[in-house]
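Single-structure report; data block below.
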Amino acid sequence: MLISSRRLLVHHPIPGWPAILTSKLGGEADALAKAVGAIVEGLTFYDLANVAVAEMRVKVAFEELGRQKKTQLAKIEAVAGTQAKQVAVLPGIYPMDAVSKVECYVCGYAAETKAMPSQCPSCGAARYAFEKEIALSKAWEIAAQTDRSIAILLRASAAEVSPSTRTILEELAREDEGEASQADRQLAELRP
């Protein structure tokens, strides 16, 4: 988005996106940017979480949730184009701060999760000194909450797009609602 409200001619590789942008996109382009952003944010979160967590059951859960988001991204890219990720608007639904950085519990050395070292460059501790302890119940709680929020966002976006795109966004919203219900069931099984 631009800071100024002045019009700027921009060539977009994404079909259906406007050739002229202002500080407010509005309409289908804005709705698609939000929808793609929600899915990209989810995929990014689950990929980072899978790397950052220590417990194997949590890794497996995050890996499966990430695969679901990757499948959803492929579906929305079929409508919005493969370049849609570049203009996606991340809504801030996922707790990215919890997984974007890791810290050595021995000396406190901090690193980006994407670049998590196999050995701490400061104190020499092994990779596991960086891994985070996230309970399996917390993983399913995050999945349930975020999937519900994304379903709401996708339904709102669906109201602003063409009928063919609306069908895809509504399908994705139903998938997220189903995934939220599945996460609730997993969470219920873990609680006494």
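Brief remarks on what is shown
- Residue list for the stretch 14-31, restricted to those being touching a Gly at 6+ places or on another chain (Cβ under 8 Å) and modelled with pLDDT of 50 or more: 28, 29
- Tally, over the stretch 34-93, of residues that are under 12 Å from the mean Cα position of the chain (by Cα), within 25 Å of residue 118 (Cβ to Cβ) and among the acidic types (Asp, Glu): 1
- The residues listed here are 118, 122; of these, the one that is surrounded by fewer than 16 Cβ atoms within 10 Å (Cβ to Cβ) and touching a helix residue (DSSP H, G or I) at 6+ places or on another chain (Cβ under 7 Å) is 118.
- Residue match in the stretch 139-162 (condition: under 18 Å from residue 63 (Cα atoms), touching a residue at least 40 places away in the same chain (Cβ under 8 Å), among the hydroxyl-bearing types (Ser, Thr, Tyr) and surrounded by 15 or more Cβ atoms within 10 Å (Cβ to Cβ)): yes
- Residue count, the stretch 43-83 (criterion: surrounded by 23 or more Cβ atoms within 10 Å (Cβ to Cβ) and farther than 16 Å from residue 142 by Cβ): 3
- Residues that are within 30 Å of residue 188 (Cα to Cα) and in a helix (DSSP H, G or I), drawn from the stretch 118-144: 128, 136, 137, 138, 139, 140, 141, 142, 143, 144
The values are calculated or read from the model by the stated rules, or taken from the named source; none is laboratory data. Since the model is a prediction, treat every value here as computed from it, not as a measurement. Cβ atoms come from the backbone with ideal geometry, glycine included; neighbour counts cover every protein chain shown.
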